[in-house]
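Novice: One structure, pasted below without further comment.
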């Protein structure tokens, strides 16, 4: 039997978070990019920061890396306060959206760059580079330069270089944004396999909901410098904390209704769109006659030419448009 604390450490009160972000605020002049945000991330998690452009997710990532200073609050990694520790001394590496590969260096020299900066022995560097090339399946491309690589290969070189120094924490800023859809989907699983194999804590910034839902152990949904919801992909999809999260994650039909209480069939909602009672399985914290929104996912719908024998949650309508 699997120990739930090892697969879901955030549910175990005895587990200590690997990253602790405590009441962090970041201001640029009069603009507040991050607003008193607190978050715990656990060792070996694949954690995604998800949100629209300008919500503060990249700013938070840059503060973790040490490229931006915290205006207020503090960030701890493995119990150590990062406030006075410069980026190059943190047990953290960052993979940038642009990959930032050195164009004049071969693949193997790009991967070895950080190790050479640390003045490690040549034999140690060579062995580590070989391990990284094998990990990302680029051994036969070792002598090529970045302009001789595809987008997916460049992405894997950047990943190998980021992992070469064995960081305890890897930050990834929109790492798959430059890839086409098919390659992006393939690379998502490669990232998951590598993260699981190395057991490195990954924190990824993305605005791609599908990507976050695929790779993450948990997701933090951000808006205007705040965390709206932190939960597993399943929890966020099936039980979004509010209308904004429901609308942001996946395809959804959002309907307005009036709360009419609960009976044996479930939560009763008077739909303003259909002027009929819709039953929901999820309980709500609301007073009778409160206006609330409810979400219906497309896969929960069934279309039939004949009216079912059960009258619950049955609506009659006309198909106006169809799309392949």
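The values are calculated or read from the model by the stated rules, or taken from the named source; none is laboratory data. Bear in mind the structure is a predicted one, so any value in this text is a computation, not a measurement. Please note: Cβ atoms are built from the backbone with ideal geometry, for glycine as well, and neighbour counts cover all protein chains shown.
Novice: Tell me the residue from 259, 279 that is buried (at least 16 other Cβ atoms within 10 Å of the Cβ), without any contact (Cβ under 8 Å) to a residue 40 or more places away in the chain and more than 22 Å from residue 318 (Cβ to Cβ), please. Give the derivation first.
Specialist: Numbers: 279 fails: buried (at least 16 other Cβ atoms within 10 Å of the Cβ).
After ruling out the rest, the residue left standing is 259.
Novice: Name the residues in region 297-310 that are surrounded by fewer than 10 Cβ atoms within 10 Å (Cβ to Cβ) and in a loop (DSSP other than H, G, I, E, B), would you?
Specialist: 302, 303, 304, 305, 306, 307, 309, 310 - these are the residues of region 297-310 that are surrounded by fewer than 10 Cβ atoms within 10 Å (Cβ to Cβ) and in a loop (DSSP other than H, G, I, E, B).
Novice: From the set of residues in region 62-77 that are surrounded by 15 or more Cβ atoms within 10 Å (Cβ to Cβ) and out of contact with any helix residue (DSSP H, G or I) (no Cβ under 7 Å at 6 or more places or on another chain), which is farthest from residue 25 (Cα to Cα)?
Specialist: 77
Novice: May I ask you to list the residues in region 256-265 that are at pLDDT below 85 and in contact with a strand residue (DSSP E or B) (Cβ under 8 Å, 6 or more places away or on another chain)?
Specialist: Once the filter is applied, which keeps residues that are at pLDDT below 85 and in contact with a strand residue (DSSP E or B) (Cβ under 8 Å, 6 or more places away or on another chain), region 256-265 yields only 265.
Novice: Test each condition in (1) within 24 Å of residue 43 (Cα to Cα); (2) free of Cβ contacts under 8 Å to residues at least 24 places away in the same chain; (3) not in a helix (DSSP H, G or I) for residue 137 and report the one that comes out false.
Specialist: All conditions pass for residue 137, except number (1).
Novice: Moving on to the next point. Could you tell me which of the residues 171, 149 is buried (at least 18 other Cβ atoms within 10 Å of the Cβ), over 26 Å from residue 56 (Cβ atoms) and touching a helix residue (DSSP H, G or I) at 6+ places or on another chain (Cβ under 8 Å)?
Specialist: 149
Novice: Looking only at strands (runs of 3 or more DSSP E) that lie completely in region 42-130, which have at least 1 residues being modelled with pLDDT under 90? Explain how you work it out, then say what you get.
Specialist: Values: elements: 46-50, 72-77, 92-95.
Per the criteria, 92-95.
Novice: Sticking with this structure for a sec: Just to be sure, is residue 246 touching a residue at least 12 places away in the same chain (Cβ under 8 Å), within 30 Å of residue 42 (Cα to Cα), surrounded by 10 or more Cβ atoms within 10 Å (Cβ to Cβ) and not assigned by TED's automatic domain parsing to the domain that holds residue 45?
Specialist: When the stated conditions are applied, residue 246 passes them.
Novice: Would you call residue 320 under 29 Å from residue 236 (Cβ atoms) and exposed (fewer than 10 other Cβ atoms within 10 Å of the Cβ)?
Specialist: Numbers: under 29 Å from residue 236 (Cβ atoms): no; exposed (fewer than 10 other Cβ atoms within 10 Å of the Cβ): yes.
So residue 320 does not fit the description; no.
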